[in-house]
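Notes to accompany the following structure.
The values are calculated or read from the model by the stated rules, or taken from the named source; none is laboratory data. Here the structure is a predicted model, which is why all the values come from computation and not from measurement. Note: ideal-geometry Cβ built from the backbone for every residue, glycine included; neighbour counts use all protein chains shown. SASA here: full protein model, heavy atoms, side chains in, ligands and nucleic acids out. Shrake-Rupley method; radii C 1.70, N 1.55, O 1.52, S 1.80 Å.
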Amino acid sequence: MGIALCMGLFSSCDALEGLYDDPTVEQASNQYYIDCTEYDQWVYVKFHENGAPTITTSKIDVTTYEETGAPTDWDIAQHRYDVKTNGAKVYKTDYHSIDELVKVGLPAVSQWTEDEYSDKSISIDMSRMMEGIIVYAPGYKNALIGEWVEVDTSSMPPNYTMHDNVYVVQLKDGTYLSIQLANFMSTDKYQVKGWMTVNYKYPI
């Protein structure tokens, strides 16, 4: 699938359940829209450019876990609802508007959350999910940002809860980025889960 920039599958049940969801927040002036529907990919985002962020997609081999196409220069990467950073640290604010955060100013942060490594970091093959078999790849991710979408699989279809808190990300060069999830479904009538609309401001 292609990747789109604009202003403004967990399984096949995603599209059906999406008909009953409306997980959107008000559109911000800076926003990107990316296709994170595939499990065997990372979508890399670089904000250190003039204008729109630079978007790059890599592929993960489901057998060897080797990744092809990952850029060397990037700020955050998204896999479905997972997020990893390039040496950054993250703070979750109580704000639900980036404009509100900017108006008040950066909070005094005493505790940041960095990425953590796990042998089962992300799910990359769900083809045998109904047999109870899921293939995971090792790696790093930031659990705090990953809270922006909660997936409850205790019943089927899964229940999704979106949180629109604004996150402050201190990038490895010391600059600050703010991001907020605005929607986790496609903007067409099908409302396919995994299409991520993200509000952002960089730098702040």
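Observations, loosely collected:
- Protection proxy ranking, peptides 140-150, 47-57, 33-43, 107-117, average beta carbon neighbours within 10 Å, highest first: 33-43, 140-150, 47-57, 107-117
- Ordering S155, S127, S186 by accessible surface, largest first, gives S127, S155, S186; the 1.4 Å probe counts only protein heavy atoms, with every chain in place.
- Subset of K59/K84; K84/K201; K84/K193; K46/K193 violating a 21 Å alpha-carbon distance limit: K46/K193
- FRET efficiency, 1/(1 + (r/R0)^6) with R0 30 Å, evaluated for E67 and H163 via beta carbons: 0.60
- Length gained on full extension, K189 to V104, computed as 0.36 nm times the residue gap minus the Cα-Cα distance: 26.9 nm.
- Projected label points at V151 and K92, each 7 Å from Cα along the beta carbon direction, are separated by 1.7 nanometres.
- Per residue, in Å², the accessible surface of the chain once ligands and nucleic acids are set aside, probe 1.4 Å: 51 Å²
- Using a probe radius of 1.4 angstrom, the carbon and sulfur fraction of the accessible surface of the chain is 48%.
- Distance-filtered residues of the stretch 39-61 - backbone nitrogen under 18 Å, label point 7 angstrom along S127 Cα→Cβ: 39-42, 59-61
- Exposure ranking of T153, T187, T197 by accessible area [1.4 Å probe, largest first]: T187, T153, T197
- Note on mean projected area of the Cα convex hull in nm²: of the candidates (i) 10.3; (ii) 12.5; (iii) 11.5, the value calculated from this structure sits at (iii).
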